[in-house]
Amino acid sequence: MFRIPAFFPSLSVLLCRTLDAIGANSLVFDRRREAFLHREAMGTVGCQATGLDCVHYHFGSQSEGTTTPGLQSDTDTLVSFNVNIMLRWSDWKRGMFNFLMVKDESTPTQHYLLQRVRSDEPLPITSTTDPDDVIDSRGRVFVSNLSVVRLAAQGFGADHLRRGPSNSNNKDYDYVYAFPCSTLPPEIMAWFDAMRPGYWPPPEVFTIARRLPCFLVPDGYRGSPTEDIEWRLTPNLIERHLMFSLNDVQKKCLVVLKMLKHQELKRHLHIGCKFTTFNCKTALFFTLERTPSEVWTEQGLMECIVRCLHTIREFLIQGECPHYIVENVDLFDTKLCRECQVRLEKQIRAMIQDDMHVLFNLQIDDLGERLMQIPQQVDRFPDQSASMCGKLASQMYSLYLLCLHGICKHLCDNRRNSFYQCAINLINALRFQQDNGTFTRYENNNAQFVIKNMLSSLASVASSYCIQTGQAVPREVWQLYSETLDTDVASSRLKLASMLYCRGDLQRSAIVLDDVQQRLDDSVTFVCGCRFLDTQPSQAFCEYALRNGSLQTITRKISFCVRFLRQEMYCAPAILWFEINRGVGDDVAHRSAFEHDWMDWAVVDARPFMLYLQYLTFGGLRERQRQLQALQGLWDIFMNDESARNLAHPETNVNLLGHCLEMEGDQLSALEVYNASRDGIPRNNAANLHIQRLAGIQ
C-alpha cells in the first residue's frame, strides 16, 4: 500500500473544482455524449438515405467526454458496413457478402484473415473478385486490408492520410472502416466468462456489454508475413460502454492522466515510440477493478490518480501493457521500446515521490495556474462550460447540414419530377424504418430531422414549378410550408418569404420577414454545413445550450444557411441564379470534395438574405425608409470585419450588397463591391459574372 499525504483530500476537492472550471464536469460530459450520439446517428441515417448500408459510431475522448479544449482531441468515427462476418459456417446468410474468420497458429493474437464466401450457397469463392485479393496455397481467397485503404484514398482525394487502420483528409478527424462480427469471437467471450473477483465492472454493465458487437478493422500486425491480409479484432463498443458507465470522478481521473501523458511523459519518448491515451484508459480499467467504489469520490481523486499511475508503473516494470478485454495482447508491442519503458517508469516514480506537485506545472488548459488560485474563485461552473456546450451544439448542426447536403446531392438532377420521386421514396423508407423499430432513439430523431427538411425542400420545389408555369400554389403545398417552418429559426421561413416575393405577394412576404427579424435575437447562432468555421457562438446561445441539451430545444436557437436547389430556382430572387452558375472557366476543377456538394446551388447566410429580401420587398411596397434600413444593414456587415468573418458565404453577402447598389443606380460602387468580393474569393464566385455583366452594360 502506498502513502497518502494528508493534504490529498483537500487538493482533490480543489482539483475537482478546477476541472469543473475548464469544462470537465457533469454538464459537459452529458452534452458531449448526447452530441456525439446524435452525430453518429445522423451519419447512419445519411448513409442509409444515400444507399450505403452502414452504421456510424463515434469512439474515443470526444464521445466519452474525457477531454478538454487544451487536450485538442481528434474525433474518431468507425463506419461499420453491413456484411456477414462468419465465425463458423453455420453463420452463413443468403444474399449477403459473407466472409469467414480464419486463423491458425501463425496468425498474430487479436488478428484474423477473412476468406471470401459465396452469397448464393455456403461455399468458398475460388477466384479473386478484387485486385488486392490474395490466394493462399490451399486455394482460399482472402480479402486484403489494402482494398479499404485504396477505396479511402479515392474518397479522400489528394489529401488522404493513413494512420494505422484510420483514414482521413483532416488531422482532426479519423475514420475507420470496419466489419461487424455476427457473433462474439472466443477472445471476447473469454472475458465475459472469466471469474472477476474485483470491484468493477458491475453486473448490469456486463449484461448490456454482452449484447454489443465487436469489429474487424483493416490493420495487420506490423512485420507479419501476412500483414496485408490481416484484420484486427477490436471491442470498441464494449469499451465505450464501460466508459459511459463511469462516474464524474473516474472521468476526471482519466482527464488528468491524459494531461500528464501529453506534457510530462511524451517528452521522454524516442521518435517512433508511443505511449497512448488508450494505455491510460487501460490502466484506469485495471485500477477500477482493484479499487473499492468508496475511494472514487471528490476527496479521493488524488489517491485514484496515484493508484492509476502505480498501475502504469507495473505495466512498465513488467514490460507489458495487457489489453483489458482481449487476452494475450500487449499494447506496448511494436509501439514502445524497452528503453522508453524504463524512462517512463522512472519519471512516473519521481512524480509520485514528489507528492504529485507536477500538477501545479501543467500548462494544458492552464490547470496548474488555476490550481494556485483561491479555491472560491473556481468553486463553480464558469463561462467555459457554456462556451463548450455552445460550440458542441453549433458544430453538431454543421455536421447535420453537411450530411443533409450529401443526401440532397445524391437525389439531385435537374429534373423536378425525378427529385420529387426520389425524395418521396427516401421519406417513405425512413418512415418505414421508424415504424418497424429498426432505428435507435437517436436515429429516429435524426431521421425525423431529414424528413422534415426533405418536406421543406419539396414544398419549395413544388412552388418553384407553380411560379414557373403561372399556376396557383396548391393547398397541400401551403400545408407543407406550415408543417416545416420549425426546421430551424430562420431558413425555412426565409424560403417562404422568398417564394412569396417571387409570386408578387409582397405584403405577406413582409409579414414573414418581420417575424424572422424578431426571432434573430442575440441567443441565435448561425451554422452552415458548407464551410467549417471555427467561430464562437454568442454567449447568450452558449448559456441556452448549457441549460437545454435536447435536439428539439436547441433547434429553436439555431439558424441554418438558406439553400436553394436548382429545382427551387423560381422561388429565389433572380440574382441568386448567378450563384447556381458561379463556376467560370475551370473553377469547377478547383472545388474541394465538400464544395462539390453545394456549389451548384444558391446558398446564402440567413441574416444577409433576410436584409436583401427586406430591401426588395420594402422597395416593392414603396416603404423607402425600411428599404434603406435593410441596405444599411448589408453595408454594416460588409464594413465590419468580425461580422464578415462569421459568415459562411461572405462572397454571396457582398454580391447581394452589390446588386442593391445597382438597383440604387450606383453602378460604380456596385462594381467596387463586386471586385472586393472577387478579391476575397477569386474562384467559384458569382462576382466574376457580375463584373462581366456590368462591363457589358458599360
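Of note:
- Residue 679 open to solvent by 10 Å² or more (accessible area, probe 1.4 Å) and within 21 Å of residue 586 (Cα to Cα): yes
- Some residue of the range 149-160 being in contact (Cβ under 8 Å) with a residue 60 or more places away in the chain, in a loop (DSSP other than H, G, I, E, B) and open to solvent by 40 Å² or more (accessible area, probe 1.4 Å): no
- The single condition among (1) over 30 Å from residue 50 (Cα atoms); (2) touching a Phe, Trp or Tyr at 6+ places or on another chain (Cβ under 8 Å); (3) free of Cβ contacts under 8 Å to residues at least 24 places away in the same chain that residue 126 does not satisfy is (2).
- Boolean, residue 261 is under 23 Å from residue 336 (Cβ atoms) and part of a helix (DSSP H, G or I): yes
- Cβ separations smaller than 8 Å between residues 6+ apart or across chains give the following pairs from the range 358-379 residues that are within 19 Å of residue 70 (Cα to Cα) to residues that are at pLDDT below 85: 370/378.
- Filter result for residue 536 (among the polar types (S, T, N, Q) and modelled with pLDDT under 95): yes
- Residue 4 satisfies every condition listed in (1) surrounded by 21 or more Cβ atoms within 10 Å (Cβ to Cβ); (2) farther than 30 Å from residue 410 by Cα; (3) among the aliphatic types (A, V, I, L, M) except (1).
- Residue in the range 584-605 that is modelled with pLDDT under 95, among the hydroxyl-bearing types (Ser, Thr, Tyr) and not in a strand (DSSP E or B) present: yes
- Looking at the range 615-687, the helices (runs of 4 or more DSSP H) lying wholly inside it that each contain 3 or more residues that are over 30 Å from residue 397 (Cβ atoms) sit at 624-639, 650-663, 667-680.
- Answer from 516, 512, 524 - the residue that is within 26 Å of residue 386 (Cβ to Cβ), of a type in the set (A, V, I, L, M, F, W, C) and modelled with pLDDT of 95 or more: 516
- Close pairs (6 angstrom Cβ cut-off, 6 or more residues apart or separate chains): under 11 Å from residue 510 (Cα atoms) and among the hydrophobic types (A, V, I, L, M, F, W, C) in the range 617-635, open to solvent by 20 Å² or more (accessible area, probe 1.4 Å) and in a helix (DSSP H, G or I) anywhere: 618/626; 618/627; 621/506
- Within the range 229-267, considering residues that are farther than 30 Å from residue 360 by Cβ and touching an Asp or Glu at 6+ places or on another chain (Cβ under 8 Å), the one surrounded by the most Cβ atoms within 10 Å (Cβ to Cβ): 231
- Which listed residue, of 384, 376, is in a helix (DSSP H, G or I), surrounded by fewer than 18 Cβ atoms within 10 Å (Cβ to Cβ) and at pLDDT below 85: 376
- Single residue of the range 539-568 satisfying the filter (modelled with pLDDT of 85 or more and either of a type in the set (Lys, Arg) or in a loop (DSSP other than H, G, I, E, B) (or both)) that is most open to solvent (accessible area, probe 1.4 Å): 556
- In the range 289-314, residue most open to solvent (accessible area, probe 1.4 Å) [restricted to those that are farther than 15 Å from residue 250 by Cβ and over 34 Å from the mean Cα position of the chain (by Cα)]: 314
- Only one entry of 514, 521 meets the criterion of being open to solvent by 30 Å² or more (accessible area, probe 1.4 Å), outside any helix (DSSP H, G or I) and farther than 20 Å from residue 576 by Cβ, and that entry is 521.
- Selection count, the range 435-470, where residues are part of a helix (DSSP H, G or I) and open to solvent by 60 Å² or more (accessible area, probe 1.4 Å): 6
- Residue selected from the range 7-60 under the condition surrounded by fewer than 21 Cβ atoms within 10 Å (Cβ to Cβ) and part of a loop (DSSP other than H, G, I, E, B), by the criterion farthest from the chain's Cα centre (by Cα): 7
- Cβ separations smaller than 6 Å between residues 6+ apart or across chains give the following pairs from the range 23-35 residues that are closer than 12 Å to residue 386 by Cα to residues that are polar (S, T, N, Q) and open to solvent by 10 Å² or more (accessible area, probe 1.4 Å): 23/384.
- Against the test of being exposed (fewer than 13 other Cβ atoms within 10 Å of the Cβ), under 30 Å from residue 298 (Cβ atoms) and of a type outside the set (D, E, K, R), the options 186, 202, 225 yield a single qualifying residue, 202.
- Residue in the range 394-412 that is modelled with pLDDT under 80, within 30 Å of the chain's Cα centre (by Cα) and exposed (fewer than 13 other Cβ atoms within 10 Å of the Cβ) present: no
The values are calculated or read from the model by the stated rules, or taken from the named source; none is laboratory data. Computed from a predicted structure; not experimentally measured. So basically every Cβ, Gly included, is an ideal-geometry build from the backbone, and we count neighbours across all protein chains shown. Accessible surface areas use protein heavy atoms only, side chains included; no ligands, DNA or RNA. Shrake-Rupley method; radii C 1.70, N 1.55, O 1.52, S 1.80 Å.
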